[in-house]
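Structure first, commentary second.
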Amino acid sequence: MKFISKLSQRERMYFYITAVIITLFLVDRFIFGMMLGQINQLDERISTLKDELANDKKIISSKDNINKESELYGKYLAKEENPDRELPKIINTLAIQSELINSELKPIPSKDGNRYLVELNAEGKMKNIVSFMYNLNMGHSLLKVEKIDLSPKAAKSETLKIYILISKAVVQ
Amino acid sequence: MFGSKDLLGIEIGGQYLKIIHLNNKQEILNWVSTDIRTLNDDGIVDFIRNYLREKNIKTVDVINPVPARYTISKNIELPSTNPAEIKQIIKLQAGHHSPYSPEEIVIDYIPIGVFRGGYTRIFLIIVNRDNVKRNFDIIERSGLRLKKMVLSLETMVLWYKDRSPSNSLGILHLDADNTDFLVIKEQKPIFLRNIPVGVEQLLYDRDKYVPQLLEEINHSLEAYQTEQMESLSKIVACGATSKAAEFLRQIPEKSNITVDIEDNLEGLKLAPGAPDIKGAASDLSVIGLAAGVVKYNKTHLDLTPEEVKLRESVAEKSRDIIWLGTLMFFILILFLSIFAQKIWMKNRMVKVLESESQKYQKEAAGLKGTKRKIGLVKTHFLRRNFALDALTEIHKCMTPEIYLTRLLIDDQQNSGRDQQNTTRFVLHGTANTTADVHQMADRLGKSDYFKDVKAPPTTPRTEINRDTRIKREVVDFEISGKLELELK
């Protein structure tokens with residue numbers, strides 16, 4: 001109070017204006033700022049919850065369609081035990097059925113966990129290859145030819161050297 | 001600023017102490033008077049304290065009107081029209097107009113008007129500082145806080161100013177122990193004479209004091225006429241008139257002047273439930289004190305001691321600061337309440353949404369998982385025949401003049417490498433002519449399964465048929481391109 005009483009009228013006015021500005025700044029920073037921050041956080045949370053709720057309701061409204069499709073694709077959705085071990089066996093069976101000879105199977109690691117890969121090196125005629133690929137596609141497993149490389153075993157030969165990379169999709 | 005308080009008027013006269021209590025509507029709540037001839041100042045203080053205790057009065061604004069008998073007044077002319085100069089002149093001349101030294105008096109004036117070029121007529125008022133100090137001490141020692149000390153004569157002028165818009169009006173103010181003869185003109189006092197005869201004397205010895213008072217009134221009228229060079233035609237008699245009616249009726253007979261007699265409580269209102277004070281106040285003037293209290297905030301003169309003025313000024317500033325602080329606090333609270341309410345509402349909304357969401361979350365999560373799996377299966381089905389179909393398409397595009405030495409179809413879309421490079425096909429082979437190669441490349445380019453088909457320059461060579469040993473010119477070629485990812 002002594003300090004204020006020593007100030008001139010103009011200095012006192014500046015002092016009061018500064019004090020008011022600092023007070024307003026502190027109130028804004030520490031009270032209103034915090035409250036506005038909390039309000040913004042709540043707004044974001046409300047927005048997220050609303051979106052989630054709308055999505056949930058939307059997907060629940062299409063429940064019948066999903067169930068119908070689930071029934072349709074049910075056999076592919078069923079969980080298999082040891083698909084990595086079963087895959088070479090299936091391919092070997094198909095190769096034998098399609099009369100491919102000298103078949104060699106080599107599982108190779110996949111970079112993603114959604115599929116298993118097996119390399120098939122064999123020999124056979126074109127019709128055997130087509131038969132093999134057709135049977136592969138018609139099976140109950142989600143098998144697919146990822147890569148095929150064919151070349152004649154010898155010049156003008158009907159027997160082909162076959163390299164096929166086969167994948168099995170895993171639906172988890 | 002915070003609403004008006006009740007007002008308490010205290011008049012400390014020579015023989016009587018009068019107290020009037022008004023509410024904030026300026027209605028009389030109570031009136032009390034006592035004879036103080038036998039009391040010293042301590043006795044007066046005790047009386048006031050007892051009264052406050054008895055009536056349970058705690059917070060009031062105290063107004064102290066100083067009766068006209070304690071003032072010395074003069075109607076004089078000064079050779080200036082500048083208020084500051086006038087103030088200087090009257091300070092210098094203070095000693096000439098009163099028997100007291102300048103330190104012993106409070107001196108002030110009411111300007112009456114400018115007469116003769118450069119001269120101002122003023123109504124000079126001088127009050128003994130001891131009277132002011134005594135009144136202040138008594139009030140403060142009674143536990144009250146003085147708000148303003150005013151002059152009765154000025155508040156009487158303010159009370160009766162509407163009765164004389166332009167003409168002179170005499171006011172005969174009767175009290176128990178004295179009578180004031182006041183003349184006002186154009187709402188300002190121009191003449192005052194105090195006569196030391198009051199209603200009490202009239203009632204005590206009518207034969208002696210009635211003629212004396214009449215004579216004094218006549219003297220006053222003559223003095224006024226001499227001083228102001230005009231005669232009065234009307235007098236308003238006020239104050240303790242109820243027991244002096246007979247006397248007042250004699251004035252017109254003696255001085256050829258009209259007298260309007262006003263009741264003691266004329267123009268005043270009693271608050272609902274207030275005791276009837278008419279009888280209690282019959283010997284004393286109520287109006288002198290009441291006018292002082294009612295008109296205190298309109299007076300030009302202020303006898304309030306400097307320390308009280310300073311105290312009031314500080315209190316006023318403090319009130320302003322407190323008011324401003326309170327206002328800011330309430331505004332802050334208001335904003336905080338609005339924000340707090342918003343936060344509360346939003347928190348409530350979050351809880352409602354969370355609870356609503358929980359109802360659907362589990363079922364929706366299961367369905368989402370199923371949908372995702374179905375999506376993966378569908379995607380697989382869209383692409384799983386691609387290699388076989390592409391092989392068939394290549395076969396369709398080939399002409400009998402072409403045979404292939406290598407066929408590569410690479411449809412690894414999810415290998416993690418660049419899809420543009422991986423989803424490709426490459427054909428190596430031999431054709432009879434370059435035209436055959438281009439024809440095949442064109443066909444492949446138009447197919448739905450391939451795009452960006454390129455056929456680089458062919459390599460001609462001579463081929464010998466192993467069976468016939470016939471030589472022929474053939475071309476080796478390589479056709480490459482990309483696989484169409486989005487099948488039509």
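Structure values in brief
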{"read-out": "Note, ³J(HN,Hα) from phi for region B:396-412, Karplus 6.51, -1.76, 1.60, rounded to Hz, x at Gly and Pro", "value": "5, 7, 7, 9, x, 7, 10, 10, 9, 9, 7, 9, 10, 10, 10, 10, 7"}
{"read-out": "Stokes-Einstein D for region B:57-145, Kirkwood Rh over Cα pairs, 20 °C, 1.002 mPa s (µm²/s)", "value": "145 µm²/s"}
{"read-out": "Largest to smallest principal axis extent of the C-alpha atoms in region B:419-488, angstrom", "value": "48, 21, 20"}
{"read-out": "Chain B - charge dipole about Cα centre, Lys and Arg +1 at Cβ, Asp and Glu -1, debye rounded to 20", "value": "3700 debye"}
{"read-out": "From phi via Karplus (6.51, -1.76, 1.60), per-residue ³J(HN,Hα) for region B:81-90 in Hz, x at Gly/Pro", "value": "10, 8, x, 5, 5, 4, 4, 4, 4, 5"}
{"read-out": "Coarse-grained scattering of the protein assembly as shown at q = 0.06, 0.10 Å⁻¹, given as base-10 log I(q)/I(0) from a Debye sum over alpha-carbon atoms", "value": "-0.59, -1.00"}
{"read-out": "For region B:101-118 and region A:92-131, distance of Cα centres in Å", "value": "128 Å"}
{"read-out": "Electrostatic dipole magnitude of the protein assembly as shown [Cβ: Lys, Arg +1; Asp, Glu -1; Cα centre; debye, to 20]", "value": "3840 debye"}
{"read-out": "q = 0.10, 0.15, 0.18 Å⁻¹, region B:1-128: log10 I(q)/I(0) [Debye, one scatterer per Cα]", "value": "-0.51, -0.85, -0.95"}
{"read-out": "Violating pairs (Cα-Cα greater than 23 angstrom) within the set B:LYS91/B:LYS161; B:LYS148/B:LYS295; B:LYS5/B:LYS295; A:LYS6/B:LYS87", "value": "B:LYS91/B:LYS161; A:LYS6/B:LYS87"}
{"read-out": "Kirkwood Rh in Å, taken over chain B so that all alpha-carbon pairs contribute", "value": "32.1 Å"}
{"read-out": "Value of relative contact order over region A:5-159, rounded to a whole percent, pairs C-alpha under 8 Å and six or more apart", "value": "14 percent"}
{"read-out": "Under Karplus coefficients 6.51, -1.76 and 1.60, residue-wise ³J(HN,Hα) of region B:37-48 in Hz, glycine/proline x", "value": "5, 9, 9, 8, 4, 4, x, 5, 4, 4, 4, 5"}
{"read-out": "Ranked list, fewest to most other Cβ atoms within 10 Å of each Cβ, for B:ARG53, A:ARG115, B:ARG469, B:ARG443", "value": "B:ARG469, B:ARG53, B:ARG443, A:ARG115"}
{"read-out": "Shielding score for A:108-115, defined as the mean number of other chain Cβ atoms within 10 Å", "value": "2"}
{"read-out": "Where the Cα pairs of region A:59-141 fall when distances are cut into 5 Å bins, in %", "value": "3, 13, 18, 18, 16, 12, 9, 6, 4, 2, 0"}
{"read-out": "Assigned charges on the beta-carbon of Lys, Arg, Asp, Glu; region B:86-168 dipole about Cα centre (debye)", "value": "200 debye"}
{"read-out": "Reachable lysines, given that their alpha-carbon falls under 27 Å from the alpha-carbon of A:LYS153 and they are not under 8 places away in the same chain", "value": "A:LYS89, A:LYS106, A:LYS125, A:LYS127, A:LYS144, A:LYS161, B:LYS396, B:LYS454, B:LYS471, B:LYS482"}
{"read-out": "Given charges at Cβ of Lys, Arg, Asp, Glu: region B:192-319 dipole, positive-most of B:TYR209, B:ASN256, B:LEU303", "value": "B:LEU303"}
{"read-out": "Set of aspartates and glutamates with alpha-carbon distance to A:LYS50 below 15 Å, sequence-local pairs under 8 removed", "value": "B:GLU354, B:GLU356"}
{"read-out": "Summed side-chain charge close to B:ALA176 - residues other than B:ALA176 whose Cβ falls under 13 Å, Lys, Arg +1, Asp, Glu -1", "value": "-3"}
{"read-out": "Within straight-line cross-link reach of B:LYS208, aspartates and glutamates at Cα separation under 20 Å, skipping those fewer than 8 residues along the same chain", "value": "B:ASP175, B:ASP177, B:ASP180, B:GLU200, B:GLU216, B:GLU246, B:GLU253, B:ASP283"}
{"read-out": "Acute angle (nearest 10 degrees) that the helix B:245-255 long axis makes with the longest principal axis of chain B, alpha-carbon atoms", "value": "70 degrees"}
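The numbers here are math on the coordinates, done by the rules we state, and not lab data. These numbers come from a predicted model, not from an experiment. Counting neighbours? That spans all protein chains shown, and the Cβs are built from the backbone with ideal geometry, glycine included.
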